[in-house]
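Structure record follows, encoded as structure tokens.
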Amino acid sequence: MFRVAFNAFTRTYSKRHGFGTLSNRLPNGTYSLEYRGEWIRGKPEGVGWRYYDNGDIYFGFWKKGCRHGYGKMWYANGTLYVGYWNMNKRSGIGMFVQLNGNRYEGHWENDEKSGIGRFYHMHTGQLQEGCWTRDVCIRSKMTDIIIRQFCDLPTEYPIPPVELKNAKKNLENSMLWLKQKIGEIDNNLKYCIDQMY
């Protein structure tokens, strides 16, 4: 049984409309808060707080009874999402913070990491920047972040810069090879011209 205690609440078409609070009556006679916020035609719409039975809490925008637009979700397991939603699914720009401090900042689509994003590995002190598809990173680059030395499990050594071994010698060999190929092409071209005339 639901108890509805509304402030500035009106009924439109026999449905909740305006600002109000929806509570659930428990067997012991007390009430648990379910939703506090704006309603349109019986559904949460606008800004509101939602308290879920599993302990999750959401504060943000609603559309037709669904999380939609900007909002924050505190999950019962200690994780947090701050960002945009589309019909109850994380979608658009958002940040997800894990219980261990690692966090992802970037694009979401259909409740999954999708598009350009950054994943901070806080225990190792590294930043992974790249492209994500269906919650999986498909291409990225790793760099050490400034606080690496203060992390719980920092990488043993900083990531070295990528460089070509014996760059000068490799360049000389490449130039020699290129000159030979150009010479072969030039000789073949002269032969073709001589044959034509």
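General observations
- Some residue of the stretch 41-56 being assigned by TED's automatic domain parsing to the domain that holds GLU112, more than 29 Å from PHE96 (Cα to Cα) and either at pLDDT below 95 or assigned to a strand (DSSP E or B) (or both): yes
- Cβ separations smaller than 8 Å between residues 6+ apart or across chains give the following pairs from the stretch 22-40 residues that are within 19 Å of ILE57 (Cβ to Cβ) and at pLDDT below 85 to residues that are of a type in the set (D, E, K, R) and crowded, with 17+ Cβ neighbours inside 10 Å: ASN24/GLU34.
- Hits in the stretch 85-140 - residues which are β-branched (Val, Ile, Thr) and in contact with a strand residue (DSSP E or B) (Cβ under 7 Å, 6 or more places away or on another chain): ILE93, VAL97, ILE116, THR133, ILE138
- Any hit, the stretch 84-103, residues being surrounded by fewer than 20 Cβ atoms within 10 Å (Cβ to Cβ), closer than 23 Å to GLY46 by Cα and either in contact with a Cys (Cβ under 6 Å, 6 or more places away or on another chain) or not assigned by TED's automatic domain parsing to the domain that holds CYS66 (or both): yes
- Whichever residue in the stretch 49-68 is surrounded by 16 or more Cβ atoms within 10 Å (Cβ to Cβ) and of a type in the set (Gly, Ala, Ser) and, among such residues, is farthest from TYR104 (Cα to Cα): GLY65
The values are calculated or read from the model by the stated rules, or taken from the named source; none is laboratory data. A quick note: this is a predicted structure, and the numbers were derived from the prediction, not measured. Note: ideal-geometry Cβ built from the backbone for every residue, glycine included; neighbour counts use all protein chains shown.
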